[in-house]
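The values are calculated or read from the model by the stated rules, or taken from the named source; none is laboratory data. A quick note: this is a predicted structure, and the numbers were derived from the prediction, not measured. FYI the Cβ positions are ideal-geometry reconstructions off the backbone, even for glycines, and counts take in every protein chain you see. Calculation scope for accessible area: heavy atoms of the full protein, side chains included, ligands and nucleic acids excluded. Shrake-Rupley method; radii C 1.70, N 1.55, O 1.52, S 1.80 Å.
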Amino acid sequence: MDTPLVPLPDLSEDGVSRVLCIVAHPDDMEYGASAAVAAWTGAGIEVSYLLLTRGEAGMAQEPAVVAPLREQEQRRACALVGVEDLRYLDHPDGMLEGGLALRRDIARVVRQVRPDLVLTANFEVEAYGGLNQADHRVAGLAAVDAARDAANPWVFRELAEVEGLDPWRARSLLVAGHPAPTHAKRVDPEQVQAAVESLQAHEAYLAHVEGHPLPEEFIPEILRGGGEAAGSEHAVVLRVFDL
């Protein structure tokens, strides 16, 4: 990442008390974004994770074996960055379908959690030096749409009329890993280390991925690159959309 002439501005967090992170799989939050999570929870902000699948198709073993294993690893990762509220939607891993059913399920959780900020991951076709995975693309777009659906009283009316979930408008949508970030969340060395350890918690998954780089090597590198863009030592860079 080239250092910009003007550092990225800090993410505005005045009055923020809750953040909802929406991603496709266990481990998706652990590629740098969890450093921001550690900073938020350390400051007393409540952070919830919503995983759309259990990642059961991501390893060589049978899905019935993989799903509970990956849930255990994700819970350990959450504990390392102060996240207590971990939720799953149980849509099928590797076959995540965009559409009204997924949007409704996410909008329901947005209304339940009532976050100030909604965070998701890069959903571009080209991402992370190659072609983005199908579930990542579907998850990000669904998170964008559902965050707005949650605020609209005339979309998914049953959420209010049957389930008693009033509409909720988050302040902003944050996209981690976006190639054109607009803001930065500065993080300190302790939060960088927490991010490293949160990815290391996915021990079985990392052992399965041939040639996966060591978390202790590439996570600090990612966050140093973010720091260069922010004019600090380390940072998580984000593209921020006003909702």
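The table for this structure:
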{"item": "Tally of residues being crowded, with 24+ Cβ neighbours inside 10 Å and not hydrophobic (A, V, I, L, M, F, W, C) across the range 1-52", "result": "7"}
{"item": "Filtered residues of the range 155-207 (kept if small (Gly, Ala, Ser) and surrounded by fewer than 16 Cβ atoms within 10 Å (Cβ to Cβ))", "result": "Ala160, Gly164, Ala180, Ala204, Ala207"}
{"item": "Close pairs from the range 65-89: first without any contact (Cβ under 8 Å) to a residue 40 or more places away in the chain and within 17 Å of Val37 (Cα to Cα), partner open to solvent by 70 Å² or more (accessible area, probe 1.4 Å) and assigned to a helix (DSSP H, G or I), Cβ under 7 Å, at least 6 apart", "result": "Leu86/Arg75"}
{"item": "Tabulated pairs, the range 30-54, first under 16 Å from Glu84 (Cα atoms) and of a type in the set (A, V, I, L, M), second at pLDDT below 95 and surrounded by 24 or more Cβ atoms within 10 Å (Cβ to Cβ), C-beta under 6 angstrom, 6+ apart or interchain", "result": "none"}
{"item": "Filtered residues of the range 63-110 (kept if farther than 23 Å from Gln191 by Cβ and in contact with a Pro (Cβ under 6 Å, 6 or more places away or on another chain))", "result": "Arg70"}
{"item": "Within the range 130-154, considering residues that are closer than 24 Å to Trp168 by Cα and assigned to a loop (DSSP other than H, G, I, E, B), the one most open to solvent (accessible area, probe 1.4 Å)", "result": "Trp154"}
{"item": "Subset of the range 59-72 [more than 24 Å from Gln112 (Cβ to Cβ) and crowded, with 22+ Cβ neighbours inside 10 Å]", "result": "Val66"}
{"item": "Meets criteria (among the basic types (Lys, Arg), farther than 25 Å from Leu131 by Cα and outside any helix (DSSP H, G or I)) for Arg169", "result": "yes"}
{"item": "Output for the range 75-97, where each listed residue is within 25 Å of Pro181 (Cα to Cα) and surrounded by fewer than 18 Cβ atoms within 10 Å (Cβ to Cβ)", "result": "none"}
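This table checks each residue for (1) at pLDDT below 95; (2) touching a Gly at 6+ places or on another chain (Cβ under 6 Å); (3) among the β-branched types (Val, Ile, Thr).
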| residue | (1), (2), (3) |
| --- | --- |
| Arg104 | no, no, no |
| Pro115 | no, no, no |
| Glu126 | yes, no, no |
| Arg137 | no, no, no |
| Ala142 | no, yes, no |
| Ala147 | no, no, no |
| Ala151 | no, no, no |
| Arg157 | no, no, no |
